[in-house]
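*Asks:* Handing you a structure now.
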Amino acid sequence: MSIVTLTLNPTLDLSTSVELIEPWRKLRCAEPRLDPGGGGINVARVVKELGGDPLAVVALGGHVGSLVADAVTQLGISVIRIPIRGATRQNFAVSERATGRQYRFVHAGPPMTVRNWERCLEATIDAGRVADCVVASGSLPPGVPDDAIAQLATRLARFRVPLIVDTSGPALVEAARSPIYLLKPSVNELSAITGDGSPLVRRRDIEGAARKLMDDGRCEVVAVSMGSEGAIFVPRDGASMMVHAPSVQSISSIGAGDSMVGGIAYALANGAGLEEAARLGVACGTAAVLSPGTSLCRRADVEKLLGDVLVDA
């Protein structure tokens, strides 16, 4: 079982907590946690936690990039490092203990040259042609065109490797038009690109928007994540599934979407059908909110929750 992930905009994530966030005062923080992050890296971390053997293709630059590479390697994940000129970004999250609120500060990432992002695509294709699944996940940094992931999909298509894409904005629209297996927008992202921007609430409206996205493009499945409610999986050919997340007390929402994608990829790479992959994905996404900061899901939590993940056709 082989899963290759691509991260064009990685980060070193710092998370901590304070009792209460107030202006002008020195806020005494709890011990910080540092984790390598960015969509594809997070997916690789989840796959490793579940027992898989992922390979992460990552664009990294500067001292922070070296710290990210070292941290990923220490987790037992193989890394193909694509050097870039700019310094890898750092993100920052603070949880407020008094209220349970979480504040997340996210940077755009360093600009990439054409040669930089093309080398990332080439490395992903070279590794992915013999993989069981490829995942391209996360935002695109400045300098990367909106159709970069679509280009990856088109070039991978001849190898018949399932490609999962989790991105946002124009890159999400371009990806939907390309030959990918599964696209995972959030319900807010879906409403932003398929309608007038008004919230999608009813299941039939969400499914309708997902099918519109598929009608306009070439992806086979749209998996719409809905936070604590779970996700709706809409295949091009067949009925949709509402996959209900178990009710849990959330500690941190960071990485829930990436954890869901990691579970789906792990299941598909092991030969599971869509329903089994959907259930594992939702279990992983739910398990992620039980972990503090940027620590993602734990396998023991996933195994406990999996039996409580229900599916409605």
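*Asks:* Checking Asp126 against (1) outside any helix (DSSP H, G or I); (2) free of Cβ contacts under 8 Å to residues at least 12 places away in the same chain, which test does it fail?
*Replies:* Here Asp126 meets the rest and fails (1).
*Asks:* Is it the case that some residue within the range 91-107 is β-branched (Val, Ile, Thr) and either closer than 23 Å to Leu152 by Cα or touching a helix residue (DSSP H, G or I) at 6+ places or on another chain (Cβ under 7 Å) (or both)? Give the steps one after another, and end with the answer.
*Replies:* Our first condition is that a residue be β-branched (Val, Ile, Thr); within the range 91-107, this holds for 94, 99, 106.
If we keep only those that are either closer than 23 Å to Leu152 by Cα or touching a helix residue (DSSP H, G or I) at 6+ places or on another chain (Cβ under 7 Å) (or both) too, we end up with none.
Within the range 91-107 (the criterion being β-branched (Val, Ile, Thr) and either closer than 23 Å to Leu152 by Cα or touching a helix residue (DSSP H, G or I) at 6+ places or on another chain (Cβ under 7 Å) (or both)), the answer is no, since none of the residues qualifies.
*Asks:* Here is a follow-up. Tell me, which residue of the range 159-190 that is of a type outside the set (A, V, I, L, M), farther than 15 Å from Val234 by Cβ and part of a helix (DSSP H, G or I) is farthest from the chain's Cα centre (by Cα)?
*Replies:* Here is the first cut: in the range 159-190, the residues of a type outside the set (A, V, I, L, M) are 159-160, 162, 166-170, 174, 177-179, 181, 184-186, 188-189.
Pick out the ones that are also farther than 15 Å from Val234 by Cβ and you get 159-160, 162, 166-170, 174, 177-179, 188.
Still in the list and also part of a helix (DSSP H, G or I): 159, 169-170, 174, 188.
Working: Phe159: 23, Gly169: 14, Pro170: 17, Glu174: 17, Asn188: 15 Å.
Residue satisfying both the conditions and the ranking: Phe159.
*Asks:* Determine which single condition Val309 fails, assuming it passes every other condition in (1) touching a Lys or Arg at 6+ places or on another chain (Cβ under 6 Å); (2) more than 26 Å from Ala210 (Cα to Cα).
*Replies:* Failing condition for Val309: (2).
*Asks:* Which members of the range 102-134 meet the condition of being surrounded by 13 or more Cβ atoms within 10 Å (Cβ to Cβ), over 15 Å from Asn9 (Cβ atoms) and not charged (D, E, K, R)?
*Replies:* The answer is Gln102, Ala123, Ile125, Ala127, Gly128, Ala131, Cys133, Val134.
*Asks:* Check the range 248-266 and report whether any residue there is more than 24 Å from Asp13 (Cβ to Cβ) and surrounded by 16 or more Cβ atoms within 10 Å (Cβ to Cβ).
*Replies:* First, pick out the residues of the range 248-266 that are more than 24 Å from Asp13 (Cβ to Cβ): none.
No: zero hits.
*Asks:* Between a residue in the range 69-98 that is in contact (Cβ under 8 Å) with a residue 24 or more places away in the chain and more than 17 Å from Leu14 (Cα to Cα) and any residue that is among the polar types (S, T, N, Q) and assigned to a strand (DSSP E or B), which pairs come within a Cβ distance under 6 Å, given they are 6 or more apart or on different chains?
*Replies:* Qualifying pairs under 6 Å: none.
*Asks:* Quick check on the range 200-220: of everything there that is free of Cβ contacts under 8 Å to residues at least 12 places away in the same chain and not in a helix (DSSP H, G or I), which residue is farthest from the chain's Cα centre (by Cα)? Please lay out each step first, then the result.
*Replies:* Step one: list which residues in the range 200-220 are free of Cβ contacts under 8 Å to residues at least 12 places away in the same chain, which gives 201-202, 204-205, 208, 215.
Restricting the remaining residues to those that are not in a helix (DSSP H, G or I) gives 201-202.
Values: Val201: 22, Arg202: 24 Å.
Among those that are free of Cβ contacts under 8 Å to residues at least 12 places away in the same chain and not in a helix (DSSP H, G or I), it is Arg202.
*Asks:* Restricting to the range 1-37, give me the number of residues that are closer than 26 Å to Ala171 by Cα and in a loop (DSSP other than H, G, I, E, B).
*Replies:* Going through the range 1-37 one residue at a time, the tally reaches 4.
*Asks:* Right, here's the next one. Residues in the range 204-245 that are in contact with a Lys or Arg (Cβ under 7 Å, 6 or more places away or on another chain) and among the basic types (Lys, Arg): how many?
*Replies:* Matching residues across the range 204-245 total 1.
*Asks:* In addition: Would you mind telling me which numbered condition in (1) over 18 Å from Val222 (Cα atoms); (2) touching a helix residue (DSSP H, G or I) at 6+ places or on another chain (Cβ under 9 Å); (3) free of Cβ contacts under 8 Å to residues at least 60 places away in the same chain Val144 fails?
*Replies:* Result: Val144 passes all but (3).
*Asks:* Take the range 302-313 and flag every residue that is part of a helix (DSSP H, G or I) and either more than 15 Å from Arg45 (Cα to Cα) or over 22 Å from the mean Cα position of the chain (by Cα) (or both). Give the derivation first.
*Replies:* If we filter the range 302-313 for residues that are part of a helix (DSSP H, G or I), which is where we start, we get 302-306.
Selection gives Glu303, Lys304, Leu305, Leu306.
*Asks:* Return only the number of the condition from (1) in a helix (DSSP H, G or I); (2) in contact with a Lys or Arg (Cβ under 8 Å, 6 or more places away or on another chain) that Ile254 does not satisfy.
*Replies:* (1)
*Asks:* Another one. Looking at Leu156, is it within 26 Å of Glu118 (Cα to Cα) and of a type in the set (A, V, I, L, M, F, W, C)? Working first, answer last.
*Replies:* Working: within 26 Å of Glu118 (Cα to Cα): yes; of a type in the set (A, V, I, L, M, F, W, C): yes.
Taking the combined requirement at face value, the residue satisfies it.
None of the figures in this text is laboratory data; all of them are computed from the coordinates on show. This one's a predicted model, so the numbers in the text were calculated from it and none came from an experiment. Please note: Cβ atoms are built from the backbone with ideal geometry, for glycine as well, and neighbour counts cover all protein chains shown.
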